[in-house]
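The block underneath contains the structure these notes are about, expressed in C-alpha cells.
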Amino acid sequence: MPDIDKALKIFSREGEEKATREKSAKVGVPYVNLVGYPFTPEVLSIIPKEQAREHGVIPFYRLNDQVKVAASKPEDPRLVPFLRELSVSTNYKFHLYLCSESSLRYGLAQLEFVKEKPRTLERHIVSDEYIKAKFGGAQDLKSIGNKITQTETTEILDIVFAGAVHLDASDIHIEPAEDGARLRYRLDGMLQDVAKLPPETYKAIRNRIKYLSKLKLNVTEIPQDGRFEIQIAAQNIDVRVSLIPGAWGEVIVCRLLNPSGALITLEKLGFREDAMQAIEEAISKPNGAIFNTGPTGSGKTTTLYAILQKLNKSEVKIITLEDPIEYRIEGIDQSQVNPSKGYDFAIGLKHALRQDPDIIMVGEIRDKETAETALQASLTGHLVLTTLHTNSAPSSIPRLLDIGVKPFLLSGSINLIIAQRLVRMICKTCRGTGSQGQTPCSTCKGTGYKGRIAIIETMKITPKIEELIQKKGTIVEFEQAARADGMVTMFQDGIEKVRLGITTEKEVRRVTSE
C-alpha cells in the first residue's frame, strides 16, 4: 500500500516550490531550491550563525568575492541593509536569491555541522604596492590622516592598518564620539591623533574588525576580545583586538605584534655598564629568579626576550609561558596561556616543570600560587625569568610579601630585580624639532622623537635587603636600603641619558613621575 503521508508531503513540497517560483518571477528575485544542495562549511561560515538565523538568510555559493545568498522573505526591510553592512565587513558582494521556507530551514539546519575556524587562520592581506601608492609622499601624521579620510569605505581598514605599520605604531585606537570617531596611533609609547572618522566609516571599520576577529557582530553591549592576522607587505602582523561598550559605540583597541620581527639583543638595549654587569652575573647562574618590573608598555618583555636570546644554546632547554607570544624564537618552546580555557600561568608553570627545563620564562606573576611555584623552581635548579607590575625594583619585595609569598622563599631565590621604563629618543635627523615651520621631518614624521630607549635600575639581594625581607619592611625602607647599597635609580639613569643628548628631561620626568 502506498505511503499516503509521504505522497502528501511530496505534493505539498512541489506546491510550495511552484508558489516560490511564481513569486520569484513577480518580485524579480532569482529562484533557488536548496533542499539537498551540497553546502560547504567555507561558504556557510561567511555569515555568522546567529545573524543567518536572525535575518533568515543563508549563503550557498561563492566564486572569488561574489557570494550567492538565499532568503524566503527578501521583502523583509532589515535584510538588504544587513547585507549591505555585511558586504563592507567581509569585502564580499552579495547576490540575493529567493527560496522556499522548506529550503531555508534545510539550509539553516546545515549550520549545525559548521565548526568555528581557529581565529589565527583568518588573515587579511595588504600589498606592498598598495602601501607605496597610498603613502608614497606622506611624511607626517596630518598627511597620513588626510589619506585615510579620503579613502573609500571599502578600503578603509586596509589604509588604517597600513598607516599604522608605515609609522611603526604599536597600537590603533578607534574611539567613537557623538559625531564620528577619533583615530589614534600609539607611536613610541605616546598616543597621537591621526584622523576624525565619519560615523559610517567608524561603523565599517568596527564591523570589519569584528568579522575578521570572529566576534559577534550583533553584540555591542558587552566587552569582546579577539584576534586575526594581517599581512602588510612582507610582514605578518598578529592583531589582538579589544572592544568595550562606550557612550557612543564600541571603543576599539588593536595591538599590533610582529612575531617574526627582528629581536633586539641584550647588548643593544642601551643599558649602563654596571646594569649590564649585574644582568650578566645574574643570568650566568644555573638557578635563581630574575624579576623585571614596571607598568604595561615599559619594555619588560623585550628585555626578557633579549636575555633569552643570550641564554639560547643547544645544550639547554628553555620553556616560556606567555600571554600573548609576542615574538617567535627558534630553539625555544613557547606556550601561550589561555585563562578562559583553564590554562593560566600557575597551571602552565606546573606542567612546564615536568618538561625537564633548564630555564623558564613566566610572562607575569599575578598571584601567590604562581609566585611560590616560580620561586620554588628557582630553588631547585631552574633559572626563572618573570615580570611583575610594580613602580620600582625595591617595591617588588613588599608586593610579593603582600600577595602572601613567605619571606624565606624570597631570601634565597632571587638573583636580581630589574625595573625599567621607556623614554623617547630625540630624532637624530631633526634633533627634536620635527622640522617645525618647514617640510615635516621624514624620519620622525614631525614628532621630534624617533625610537625609545630603556632607563633602568637593578637591585641585588644584599644582607641589608635580606634583613628587611625577614622583618617585612616597608617600600620606603627597601628604597633607602637599595640606594645605600649603591643602586642607581631609573631617574638618575634617565638624567645621564639627557646629559648625553639621547632624550629630554621632560621625557624622563614623564615616565618616572611616580
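Legend: Rg and Dmax of the range 303-344, from Cα coordinates, 11.4, 35 Å.
The chain gives an Rg/Rh value of 1.08, both radii derived from C-alpha positions and Rh following Kirkwood. Roughly how far apart, in whole Å, are the Cα centres of the range 229-273 and the range 13-77? The two parts, judged by their Cα centres, are 40 Å apart. With the simple model of a label 7 Å out from the Cα in the direction of the Cβ, Lys285 to Asn258 spans 3.6 nm.
Here, the range 368-514 has an Rg and a Dmax of 19.4, 62 Å when only alpha carbons are counted. Ignoring ligands, DNA and RNA, please state the percent of accessible area on the chain from carbon and sulfur, probe 1.4 Å. That fraction is 51 percent. Take each peptide in 448-459, 96-107, 60-71, count the other Cβ atoms within 10 Å of every residue, and average; sorted highest first, the result is 448-459, 96-107, 60-71.
Can you tell me the relative contact order of the chain? Whole percent, Cα pairs under 8 Å, sequence separation 6 or more. Across the chain, relative contact order equals 10 percent.
Give me the Kirkwood hydrodynamic radius of the range 336-393 in Å, from all C-alpha pairs, to one decimal place?
11.8 Å
Between the residues Gln277, Cys427, Ser102, the greatest Cα displacement towards the positive end of the dipole of the chain, with unit charges on the Cβ of Lys, Arg, Asp and Glu, is found for Ser102. In this simple spin-label approximation, Asn338 and Ser314 carry label points 7 Å from Cα along the Cα→Cβ vector, and these lie 3.4 nm apart. With a sphere of radius 11 Å drawn around the Cβ of Val43, what net charge do the other residues whose Cβ falls strictly inside it have (Lys, Arg +1; Asp, Glu -1)? Counting the neighbours of Val43, the net charge comes to +1.
Using the Cα coordinates of the range 278-413, the gyration tensor eigenvalues translate into equivalent-ellipsoid semi-axes of 20, 17, 16 Å, sorted from longest to shortest.
Cβ under 9 Å from Arg240's Cβ, Arg240 left aside: what net charge do those residues give with Lys, Arg +1 and Asp, Glu -1?
Values: positive: Arg227, Arg255; negative: Asp225, Asp238.
Residues near Arg240 contribute 0 overall.
Compared with the rule-of-thumb size 2.2 N^0.38 Å for a compact globular protein, the range 199-257 has a Cα radius of gyration ratio of 1.13.
How many Å² of accessible area per residue for the chain, probe 1.4 Å? It would help to have the intermediate numbers written out before the result.
On the way: 24950 Å² over 514 residues.
Using a 1.4 Å probe on heavy atoms only, each residue of the chain averages 49 Å².
Using the average count of surrounding beta-carbon atoms within 10 Å as a protection proxy, the listed peptides 383-395, 469-481 rank, highest first, as 383-395, 469-481.
Evaluate 2.2 N^0.38 Å with N set to the residue count of the range 158-202, then give the Cα radius of gyration divided by it. The partial results should precede the final answer.
Numbers: Rg = 10.4 Å, N = 45, 2.2 N^0.38 = 9.3 Å.
In units of the 2.2 N^0.38 Å rule of thumb, it is 1.11.
Measuring between alpha carbons in the structure, the pairs from Lys300/Lys445; Lys216/Lys317; Lys210/Lys506 lying more than 31 angstrom apart are Lys216/Lys317; Lys210/Lys506.
The values are calculated or read from the model by the stated rules, or taken from the named source; none is laboratory data. All of these numbers come straight from a predicted model, not from anything done at the bench. Cβ: placed from backbone, ideal geometry, glycine included. Neighbour counts: every protein chain shown. Side chains are part of the model used for accessible areas, which takes the heavy atoms of the whole protein and leaves out ligands, DNA and RNA. Shrake-Rupley method; radii C 1.70, N 1.55, O 1.52, S 1.80 Å.
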